[in-house]
């Protein structure tokens, strides 16, 4: 059976033309599996954004290829988001074949706005259903929503009749982070609200909002524990316990139903739900519910480590996995790594420690193999939802565009790794119980250096365009202002501040954000990076120091200031860090441009190859999104280019801890 990707590729591959211009307003060519297939077929994809950036990229990297100089067999596809490609330069149009791609051509009998709202990776089931059970006529919006819910997500409102069915559906959607468009969620909520059984459920909030749903479950968990601990003879009514209920809806939730319980275990293990103390924990000791009961901290930690080891071992992606699989694994791995520092490695926890070390080696091997085949396509993904750091400004711009009063703040905590975010989040939650964290993650640029990855985050474009400025962060404020100028914001509506470290800097931040005209602000908090460069106690020492810093209160006060002034607040990092061991310092003298512990950068590949011969296991990183004359050599595994007796915490390499970073929207509920 033909897939929608084959339909699209058939239009690209319809002739012998070396240069093709594709009108792709629906972003079909930048779907993950499509990007891999295009590369396999010998196409190089270039996206046209604006004339200056396109001309620079094309003349720098593709002009000779387009002229067939050097006999390059690969073909070029220039992709434009416009329906009319005539905005491209005349010299390109004059020598190219033109094709037009659209969802309307792929799904002619379905409502275009409904189909266009779908994540492109979710089109497979819909396209198959269209071939197996084609609609007899063109469907309207409401009928298309029903058709899409049924055939894309396997959701039929008529099959959700009991509370257990509703819980199972919500758990499946939110645990797996299914990307169901808001219009479809509202359509489903309206259909379910017509059923008397669900009229007191807060469907309009817990269907579209993952965090609200899990907060709903968290509030009801203590009530469930009361019912489990209470003998069945007196279990007629919920006990009058002093538990606060902020999210309306039924108090009784069937956590113990077999279709629900299979999710609950993992939600507690992975830190989505938090265990709570209970006065009758002795009665619960033999029950499965102990996964959500806090008793002795050491015993709770050991129990959770054992369970998380199993979860992570079962979910390590293979080489053919998608980027979402690795983002999900990175979150689970961070939860486990944050607990690992408390293990008694030489005593009772020796077995768990051995499993942890073996698992880390397995993740390192698998992630390195996946990066080698898949990292090069990530920068071509659509910017919303963001996949890489340079996509973040586009996400912020979408927030600002939603209304004249909307404003955003980007708090970039330089060097904050995912496991350090785990301990920071815990400390913040204790300080500010009203904070709600909408957590996701994305990929940093490799090499994971501040001047490369952080600069990309503020510029909203790949490091390829930085030229000789790639080795410095001096251009960040200008790049940030230029991005927002292109989005239509005046200069006095944009602010940028760096070197925010403690309470003494709060006055400077207050001045930065106090004007009501400010709508986009970037703040660089560099405490974690400073901790890292002086750290001699490894990753465990990093987590302890980050926790201590957050407990001191500067970060919470900073977030308060922004939220109180009406900003939508996003927190991210430019790169993570990893504990390493020295493998020797290359003797390259003045030949190296950047003397990083995890990466050396050369202006000539011949010089890099000369050093590579002395360190054959090091990685000559390809120029993916990097400018000419920038050739990284990354230290192998968890090693650094320092003396063999040194064990620094460092960044610049390509480990999962360095490459995948948090992206968190923080709200005050």
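Residues that are touching a helix residue (DSSP H, G or I) at 6+ places or on another chain (Cβ under 7 Å) and within 21 Å of residue 5 (Cα to Cα): which helices (runs of 4 or more DSSP H) entirely in the stretch 116-205 hold 1 or more of them?
Details: elements: 123-132, 141-153, 163-175, 182-193.
Qualifying helices (runs of 4 or more DSSP H): 123-132, 141-153.
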*Take the residues in the stretch 634-655 that are closer than 19 Å to residue 443 by Cα and not in a loop (DSSP other than H, G, I, E, B), then tell me which one is farthest from the chain's Cα centre (by Cα).*
634
*Mind checking which residues of the stretch 427-458 are free of Cβ contacts under 8 Å to residues at least 40 places away in the same chain and either assigned to a strand (DSSP E or B) or farther than 18 Å from residue 469 by Cβ (or both)?*
429, 430, 433
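Conditions tested, residue by residue: (1) surrounded by 20 or more Cβ atoms within 10 Å (Cβ to Cβ); (2) without any contact (Cβ under 8 Å) to a residue 24 or more places away in the chain; (3) out of contact with any helix residue (DSSP H, G or I) (no Cβ under 8 Å at 6 or more places or on another chain).
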| residue | (1), (2), (3) |
| --- | --- |
| 603 | no, no, yes |
| 608 | yes, no, yes |
| 617 | no, yes, yes |
| 624 | no, no, no |
| 636 | no, no, yes |
| 650 | yes, no, no |
| 661 | yes, no, no |
| 665 | no, no, yes |
| 668 | no, no, no |
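Here's the yes/no breakdown for (1) modelled with pLDDT under 90; (2) surrounded by 12 or more Cβ atoms within 10 Å (Cβ to Cβ):
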{"position": "235", "(1), (2)": "yes, yes"}
{"position": "240", "(1), (2)": "yes, no"}
{"position": "244", "(1), (2)": "yes, no"}
{"position": "248", "(1), (2)": "no, no"}
{"position": "251", "(1), (2)": "no, yes"}
{"position": "255", "(1), (2)": "no, yes"}
{"position": "259", "(1), (2)": "no, yes"}
{"position": "264", "(1), (2)": "no, yes"}
*Return the total of residues in the stretch 547-564 being in contact with a helix residue (DSSP H, G or I) (Cβ under 8 Å, 6 or more places away or on another chain) and either surrounded by fewer than 17 Cβ atoms within 10 Å (Cβ to Cβ) or closer than 23 Å to residue 338 by Cβ (or both).*
11
*For residue 203, are the conditions met, namely being crowded, with 19+ Cβ neighbours inside 10 Å and without any contact (Cβ under 8 Å) to a residue 24 or more places away in the chain?*
yes
*With respect to the numbered conditions (1) in a helix (DSSP H, G or I); (2) out of contact with any strand residue (DSSP E or B) (no Cβ under 9 Å at 6 or more places or on another chain), which one is the sole condition not fulfilled by residue 421?*
(2)
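Taking residue 524 as the residue in question, decide whether it is surrounded by fewer than 19 Cβ atoms within 10 Å (Cβ to Cβ), touching a residue at least 40 places away in the same chain (Cβ under 8 Å) and not in a helix (DSSP H, G or I). Break it down into steps so the answer makes sense when it comes.
Details: surrounded by fewer than 19 Cβ atoms within 10 Å (Cβ to Cβ): no; touching a residue at least 40 places away in the same chain (Cβ under 8 Å): yes; not in a helix (DSSP H, G or I): yes.
In short, no.
Could you say which residue among 428, 359, 339, 410 is outside the structural domain of residue 574 (by TED's automatic domain parsing) and at pLDDT 95 or above? Lay out the reasoning, then the answer.
Numbers: 428 fails: outside the structural domain of residue 574 (by TED's automatic domain parsing); 339 fails: at pLDDT 95 or above; 410 fails: outside the structural domain of residue 574 (by TED's automatic domain parsing).
Of 428, 359, 339, 410, the one residue that is outside the structural domain of residue 574 (by TED's automatic domain parsing) and at pLDDT 95 or above is 359.
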_Those residues of the stretch 496-512 which are in contact (Cβ under 8 Å) with a residue 12 or more places away in the chain, outside any strand (DSSP E or B) and farther than 21 Å from residue 550 by Cβ, in sequence order_ = 512
*Count, please, the residues in the stretch 259-288 that happen to be in a helix (DSSP H, G or I) and under 31 Å from the mean Cα position of the chain (by Cα).*
11
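The values are calculated or read from the model by the stated rules, or taken from the named source; none is laboratory data. A quick note: this is a predicted structure, and the numbers were derived from the prediction, not measured. Because the Cβ atoms are built from the backbone with ideal geometry, glycine has one as well, and the counts that use them run over all protein chains shown.
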